[in-house]
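Participant: Please read through the structure below; I'll follow up with questions.
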Amino acid sequence: MGKEDDRFIPVHEDEPLFVTKRKTGRVIAYRVFSASVFFFICCIWLYRVTVPIEIDKNRTGLVRLIWLVMFVMEIWFGLYWVVVQSLRWNPVWRFTFTDRLSRTYGNDLPRLDVFVCTADPVIEPPLMVVNTVLSVAALDYPPEKLAVYLSDDGGSELTFYALAEAAEFAKTWVPFCKKFDVEPRSPGAYLSCKSSIHDSAAAEEVSRLYKEMAERIETAAKLGRIPDEARLKYVDGFSQWDSDATRRNHGTILQILVDGRKANTVTLVYLSREKRPEHHHHFKAGSMNALIRVSSKITCGRIILNVDCDMYSNNSKSARDALCILLDEKEGKEIAFVQFPQCFENLTKNDLYGSMMRVGSNVEFNGLDGNGGPLYIGTGCFHRRDVICGRKYGAEEEESEDISESEMIKALASCTYDENSQWGKEMGVKYGCPVEDVITGLAVQCRGWKSAYLNPKKKAFVGVAPTNLHQMLVQQRRWSEGDFQILLSEYSPVWYAQGKIGLGLILGYCCFCLWAPSSVPLLVYSVLTSLCLLKGIPLFPKVWSLWFILFGYLAVAVNAYSLAEFLWCGGTLRGWWNEQRMWLYRRTSSFLFGFMDTILKKLGVSESAFVITAKVAEEEAAERYEKELMEFGVNSPMFLLLGTLGMLYLFCFAAAVMRLVMTSRETGEDLQTMGMQFVIAGALVVVNWPLYEGMFLRKDKGKMPRTVTVKAFVLALSACTCIALL
């Protein structure tokens, strides 16, 4: 590439392009609170060790075993809570000055390559994908220095056709956005927001052209074929598909649809790397590495932005915000990547499935930033090319003006290029893990780099959240499995990162790596508490005992702080309750399955698979989602587990209440000895109310499948009966 691109010289070197702030008073208050919580946790451990067990002579061994198990589980909860404190112990907030960036560099900015990845035209509709492409093509950035690459791992002619149509529309859309300062710059999102549409002839023309483009793309998708006139119009691209090409068996397809190097505009490139059944393609990590190599021979942007195909640009200034961090003369040189939060446009008022993970994006990632930098989460991230490559791959190459060079470039995306090389190991995105992004970010930080977290008021990128429970659980299963695999791998933060990054950041990574194993203690604790309530075995201090204050304080204080923190992050009371329910469901289904999958993989019984989350929903399901009705509707092992646990909690609580009613003389004593168990079991029943609705009360298609309901009922009843007869 041309060396002139990198000769951007700051004019005012004394002006910082960003500042880092800390909220000292809030941090001190939280540290005092967390110290009090830890004190009470230690007191609970002391209680388990020193207070004699109230035993029944007929079941002495059983009670002692249960007491020991509860003690072990509480040790785990306490230690995990200590680990989680790393996310709140030293948070920082970063604020950028884009006006200073403009004064300092003007338009003399580094080249920016944007990578958009898609893999399935059914799950990820082409119209949605090209809306994302068009949004990043219209970023507030010098167009001649901006290139957008679409990686299509599905090798779909439909996706190529959609991008080719979008390339034509971009000739109108990009100038329109910059002339009228349009936000957001996804045409679908902008035109659907009536309050944003300019009342002008230009706006009407843009709207007409977009609707015509959308209609052509959606018609082709419904018919499953490309119009003949389109094949003739874009013959250079379509001619690269072999007649027997399939999604998993095809050669490299590379087409430069708009060559900004010649037209002084945004470059648009389509890439579908070679795939053959006999070669591992390494999922999204392989796609990213192919993009890195191919782009290095076309535009070779010093900065790389990667976004998921549903994460459109909601803030055209995001690139300039990121450059304020990366180009800062004082602190920017140590920053490898800038991470923006993952936000969604289709959340319900109370975030039914807790997809926003509001506290994570508004609190916990700021805490990671204070400890050395946030995780790389795979989307909405600006990288330095030379850092993610492990070296300055292709930095000295000159751009070729001959389009025929594409045949040479295709070799960089072949299915054998990675073999016997450092790609996926020391170079590019790491291979061998479902969460390739996290492990890649960790490796970068362990090479001495830091990362930065930016969360501006106007969200930088906005995507599509799962709209049913099964999608959400499958997504969380993949994340928890991948994070746990990292913990057990050679890249585990526990040993790989020792001496390379700070203890706070190591613990921060461990918070996520321990998601999967944390499922087992919670499952055991909740089930034991309910079954012992059914059996009449007390596990906690009597209500009027001083020891009860320990458990009472922790229950009230931790949940009260959690609620206050959630509301401070902009959530609602019902939204917080939904989030608690989702954390329970994740830990007792997704994380548990992720834990078992990882163990089986380590034993060589199974292999990792990359599951794509669907980005579309049926019309009726979408209506139920808008009404905040939880969607079950599919036969899933995770639903069977959740249903069984829900019924078990209900049976145990109902039986305990019936015992209270039938033995009225002992009611006071029973409540006193097992008051905490009644509270826990009752809370478990209340939080599962939508589950019971789906199993017994609802008639729509989103209800729990009857076979799952029957199996769950029988399994839970059998377990309770067996315990009752012990």
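Participant: Would you pick out the residues in the range 560-598 that are open to solvent by 50 Å² or more (accessible area, probe 1.4 Å) and not in a helix (DSSP H, G or I)?
Facilitator: Result: 570, single match.
Participant: Right, next: Does residue 368 satisfy the condition of being assigned to a helix (DSSP H, G or I), at negative phi and either among the hydroxyl-bearing types (Ser, Thr, Tyr) or at pLDDT 95 or above (or both)? Talk me through it step by step, then tell me what you get.
Facilitator: Numbers: assigned to a helix (DSSP H, G or I): yes; at negative phi: yes; either among the hydroxyl-bearing types (Ser, Thr, Tyr) or at pLDDT 95 or above (or both): yes.
Here the answer is yes, as residue 368 does meet what is asked.
Participant: Considering only residues that are of a type in the set (S, T, N, Q) and closer than 28 Å to residue 420 by Cα, which ones fall in the range 237-287? Explain how you work it out, then say what you get.
Facilitator: Going through the range 237-287, the residues of a type in the set (S, T, N, Q) turn out to be 239-240, 243, 246, 249, 252, 255, 264-265, 267, 272, 287.
Those that are of a type in the set (S, T, N, Q) and closer than 28 Å to residue 420 by Cα: 240, 246, 249, 252, 255, 272, 287.
Participant: With respect to residue 297, determine if the residue is without any contact (Cβ under 8 Å) to a residue 24 or more places away in the chain and basic (Lys, Arg). Spell out the reasoning first.
Facilitator: Details: without any contact (Cβ under 8 Å) to a residue 24 or more places away in the chain: no; basic (Lys, Arg): yes.
When the stated conditions are applied, residue 297 does not pass them.
Participant: Given 509, 491, 496, which one is touching a residue at least 12 places away in the same chain (Cβ under 8 Å) and either more than 22 Å from the chain's Cα centre (by Cα) or within 22 Å of residue 684 (Cα to Cα) (or both)? So that I can check it myself, show each step before the final result.
Facilitator: Values: 509 fails: either more than 22 Å from the chain's Cα centre (by Cα) or within 22 Å of residue 684 (Cα to Cα) (or both); 491 fails: either more than 22 Å from the chain's Cα centre (by Cα) or within 22 Å of residue 684 (Cα to Cα) (or both).
Just one listed residue meets the conditions, 496.
Quick grid of which residues meet (1) over 29 Å from residue 355 (Cα atoms); (2) in contact (Cβ under 8 Å) with a residue 60 or more places away in the chain; (3) among the hydrophobic types (A, V, I, L, M, F, W, C):
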{"position": "304", "(1), (2), (3)": "no, yes, yes"}
{"position": "308", "(1), (2), (3)": "no, yes, no"}
{"position": "315", "(1), (2), (3)": "no, yes, no"}
{"position": "330", "(1), (2), (3)": "yes, yes, no"}
{"position": "334", "(1), (2), (3)": "yes, yes, no"}
{"position": "337", "(1), (2), (3)": "no, yes, yes"}
{"position": "343", "(1), (2), (3)": "no, yes, yes"}
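Participant: Here's something else I'd like to know. Can you spot a residue in the range 439-454 that is touching a residue at least 60 places away in the same chain (Cβ under 8 Å), open to solvent by less than 10 Å² (accessible area, probe 1.4 Å) and within 30 Å of residue 679 (Cβ to Cβ)?
Facilitator: Looking through the range 439-454, none of the residues is touching a residue at least 60 places away in the same chain (Cβ under 8 Å), open to solvent by less than 10 Å² (accessible area, probe 1.4 Å) and within 30 Å of residue 679 (Cβ to Cβ).
Participant: So which residues in the range 354-365 are part of a loop (DSSP other than H, G, I, E, B) and either in contact with a Leu (Cβ under 6 Å, 6 or more places away or on another chain) or of a type outside the set (Ser, Thr, Tyr) (or both)? Spell out how you get there, then give the answer.
Facilitator: Of the residues in the range 354-365, the ones part of a loop (DSSP other than H, G, I, E, B) are 354-357.
Passing the criteria: 354, 356, 357.
Participant: Still on this structure, I have one more. Give the number of residues within the range 463-491 that are among the β-branched types (Val, Ile, Thr) and within 26 Å of residue 189 (Cα to Cα).
Facilitator: 2
Participant: If you don't mind, another one. For residue 679, which of the numbered conditions (1) among the aliphatic types (A, V, I, L, M); (2) under 17 Å from residue 469 (Cβ atoms); (3) open to solvent by 70 Å² or more (accessible area, probe 1.4 Å) fails to hold?
Facilitator: Checking residue 679 against (1) among the aliphatic types (A, V, I, L, M); (2) under 17 Å from residue 469 (Cβ atoms); (3) open to solvent by 70 Å² or more (accessible area, probe 1.4 Å), the one that fails is (2).
Participant: Six or more apart or on different chains, Cβ under 7 Å: which pairs go from a residue in the range 558-571 that's farther than 13 Å from residue 88 by Cβ to one that's of a type in the set (A, V, I, L, M) and assigned to a helix (DSSP H, G or I)? Could you list them?
Facilitator: If the second residue must be of a type in the set (A, V, I, L, M) and assigned to a helix (DSSP H, G or I), the pairs left are 566/359.
Participant: Checking the conditions here, which among 176, 160, 180 is closer than 23 Å to residue 263 by Cβ, surrounded by fewer than 24 Cβ atoms within 10 Å (Cβ to Cβ) and in contact with a helix residue (DSSP H, G or I) (Cβ under 6 Å, 6 or more places away or on another chain)?
Facilitator: Numbers: 160 fails: surrounded by fewer than 24 Cβ atoms within 10 Å (Cβ to Cβ); 180 fails: in contact with a helix residue (DSSP H, G or I) (Cβ under 6 Å, 6 or more places away or on another chain).
Being closer than 23 Å to residue 263 by Cβ, surrounded by fewer than 24 Cβ atoms within 10 Å (Cβ to Cβ) and in contact with a helix residue (DSSP H, G or I) (Cβ under 6 Å, 6 or more places away or on another chain) holds for just one of 176, 160, 180, which is 176.
Participant: Residues of the range 476-517 being assigned to a loop (DSSP other than H, G, I, E, B), open to solvent by less than 10 Å² (accessible area, probe 1.4 Å) and either of a type in the set (Val, Ile, Thr) or closer than 25 Å to residue 466 by Cα (or both), which ones?
Facilitator: Initially, the range 476-517 is screened for residues assigned to a loop (DSSP other than H, G, I, E, B), giving 489-502, 514-517.
Going one step further and asking which of them are open to solvent by less than 10 Å² (accessible area, probe 1.4 Å), we end up with 492-493, 497, 516.
If the condition is that a residue be assigned to a loop (DSSP other than H, G, I, E, B), open to solvent by less than 10 Å² (accessible area, probe 1.4 Å) and either of a type in the set (Val, Ile, Thr) or closer than 25 Å to residue 466 by Cα (or both), then 516 is the only one that fits.
Participant: Please go through (1) open to solvent by less than 20 Å² (accessible area, probe 1.4 Å); (2) assigned to a helix (DSSP H, G or I) for residue 307 and return the number of the only condition it doesn't satisfy.
Facilitator: With (1) open to solvent by less than 20 Å² (accessible area, probe 1.4 Å); (2) assigned to a helix (DSSP H, G or I) applied to residue 307, the lone miss is (2).
Participant: I've got another one for you. Would you say residue 654 is open to solvent by less than 50 Å² (accessible area, probe 1.4 Å) and free of Cβ contacts under 8 Å to residues at least 12 places away in the same chain? Spell out the reasoning first.
Facilitator: Numbers: open to solvent by less than 50 Å² (accessible area, probe 1.4 Å): yes; free of Cβ contacts under 8 Å to residues at least 12 places away in the same chain: yes.
When the stated conditions are applied, residue 654 passes them.
Participant: Which count do you get for residues in the range 258-291 that are assigned to a helix (DSSP H, G or I), on the phi < 0 side of the Ramachandran plot and touching a residue at least 12 places away in the same chain (Cβ under 8 Å)? Walk me through how you get there before you give the answer.
Facilitator: Here is the first cut: in the range 258-291, the residues assigned to a helix (DSSP H, G or I) are 260-263, 283-291.
Subsequent filtering for residues that are on the phi < 0 side of the Ramachandran plot retains 260-263, 284-291.
Next cut, touching a residue at least 12 places away in the same chain (Cβ under 8 Å) only: 260-262, 284-291.
So the count comes out to 11.
Participant: I need the full set of residues from the range 370-382 which are open to solvent by less than 10 Å² (accessible area, probe 1.4 Å) and more than 12 Å from the chain's Cα centre (by Cα), in order please.
Facilitator: 373, 374, 381, 382
Participant: Report, by residue number, each residue of the range 332-354 that is crowded, with 17+ Cβ neighbours inside 10 Å and over 22 Å from residue 624 (Cα atoms).
Facilitator: Of everything in the range 332-354, those that are crowded, with 17+ Cβ neighbours inside 10 Å and over 22 Å from residue 624 (Cα atoms) turn out to be 332, 335, 336, 337, 338, 339, 340, 341, 342.
Participant: To continue, here is another question. Can you pull out the residues in the range 310-353 that are assigned to a strand (DSSP E or B) and touching a helix residue (DSSP H, G or I) at 6+ places or on another chain (Cβ under 8 Å)? Don't jump to the end; show me each part of the working.
Facilitator: Just the residues of the range 310-353 that are assigned to a strand (DSSP E or B), to begin with: 312-313, 335-339, 343-344.
Those that are assigned to a strand (DSSP E or B) and touching a helix residue (DSSP H, G or I) at 6+ places or on another chain (Cβ under 8 Å): 312, 313, 335, 336, 337, 338, 339, 343.
Listed here are the residues, each with its yes/no results for (1) open to solvent by 20 Å² or more (accessible area, probe 1.4 Å); (2) more than 22 Å from residue 278 (Cα to Cα); (3) modelled with pLDDT of 90 or more; (4) not in a loop (DSSP other than H, G, I, E, B).
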position	(1), (2), (3), (4)
390	yes, yes, no, no
394	no, yes, no, no
397	yes, yes, no, no
401	yes, yes, no, no
404	yes, yes, no, yes
408	yes, yes, no, yes
412	no, no, yes, yes
429	no, no, yes, no
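Participant: Going through the range 221-256 one residue at a time, which ones are part of a loop (DSSP other than H, G, I, E, B) and hydroxyl-bearing (Ser, Thr, Tyr)? Break it down stepwise before answering.
Facilitator: Narrowing the range 221-256 to residues part of a loop (DSSP other than H, G, I, E, B): 224-227, 234, 239-245, 247-248, 251-252.
Those that are part of a loop (DSSP other than H, G, I, E, B) and hydroxyl-bearing (Ser, Thr, Tyr): 234, 239, 243, 252.
The values are calculated or read from the model by the stated rules, or taken from the named source; none is laboratory data. Remember, predicted model here, so these are calculated numbers, not experimental data. Reconstructed Cβ throughout: ideal geometry from the backbone, glycine too, with neighbour counts over all protein chains shown. When the accessible area is computed, the model is the full protein with side chains, heavy atoms only, and any ligands, DNA or RNA have been set aside. Shrake-Rupley method; radii C 1.70, N 1.55, O 1.52, S 1.80 Å.
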